[in-house]
Amino acid sequence: MTTIAEYLATNQIQAAPVDPAAPGAPKVTVGIPEGWQQVPAGMFPGSYGVWTQPPVNGWADNAVLLVASFTPAVDPAELLAHAFADARQLPNWQDLDTDTNDFEGYPSAGITGTYDVEQLTLWAYNRYILVNSPTGQYMVQLTITTRTDSDGAAPTTLLEGLSISA
């Protein structure tokens, strides 16, 4: 089971983090759940955005948005064939759903499941979206992680607000 990072390394493809303010960067938005806040950019270098709710018993439900540019460009189908490997390596990972449907017309793959960290069982959603634009090829990755006992409202808000324009 080859991860996306391993696929990129094997094929000598450079993935460079993209700053949201960079000229030509895709515009990516998410819905912000009530009570969640954006984490200052300096706390997670290389991220496009990180949002969390206030911690409860040492854990904060969170969403991490990453955008990377590729040099050279990749074949979307080849890359997305590796989209589920990272999640499936998490401790006691259990698939709940997978899909390879396009997202807003862009090639995409998503996986949802649960895994264990210490005494917590967490719910996770991971979506990869490949965006070709006049300024290059980008991979958008959105990862949402919540406690399994959360009501599900936050992921719904985040996903309903997910939008990309190249």
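Compute the longest continuous run of the chain that contains no exposed GluC sites (Glu not before Pro); treat a site as exposed when its DSSP state is not H, G, I, E or B and it has at most 16 other Cβ atoms within 10 Å. It would help to have the intermediate numbers written out before the result.
Working: sites that count: Glu34, Glu104, Glu118.
Of all site-free stretches, the longest is 35-103.
Rounded to whole Å and ordered largest first, report the semi-axes of the equivalent ellipsoid of the chain derived from its Cα gyration tensor (root of 5λ). Write out the running numbers ahead of the final one.
Details: eigenvalues 128, 75, 42 Å².
Semi-axis lengths for the chain are 25, 19, 14 Å.
Using Cβ counts within 10 Å as a stand-in for footprinting exposure, how do Ser163, Ser108 rank, fewest first?
Result, fewest neighbours first: Ser163, Ser108.
Take peptides 87-95, 37-45 and line them up by average Cβ neighbours within 10 Å, highest first, as a rough protection proxy.
On the way: 87-95: 13.2, 37-45: 11.0.
Packing proxy ranking, top to bottom: 87-95, 37-45.
Where the centroid of each part is defined by its Cα atoms, how far is region 104-156 from region 39-76 in Å?
11
Go through region 51-59 residue by residue and turn each phi into a ³J(HN,Hα) via Karplus (6.51, -1.76, 1.60, θ = phi - 60°); whole Hz please, and just put x for glycine and proline.
3J(HN,Hα) across region 51-59, in whole Hz: 10, 9, 8, x, x, 10, 6, x, 10.
Provide the per-residue ³J(HN,Hα) series for region 8-17, in order, calculated from phi with Karplus coefficients 6.51, -1.76, 1.60 and θ = phi - 60°, each as a whole number of Hz, with x at glycine and proline positions.
4, 4, 4, 9, 6, 9, 7, 10, 10, x
Bear in mind that the values in this text are calculations on the coordinates, not laboratory data. As the structure is a prediction and not an experimental result, all values here were calculated from the model. Note that each Cβ is placed from the backbone with ideal geometry, even for glycine, and that neighbours are counted across all protein chains shown.
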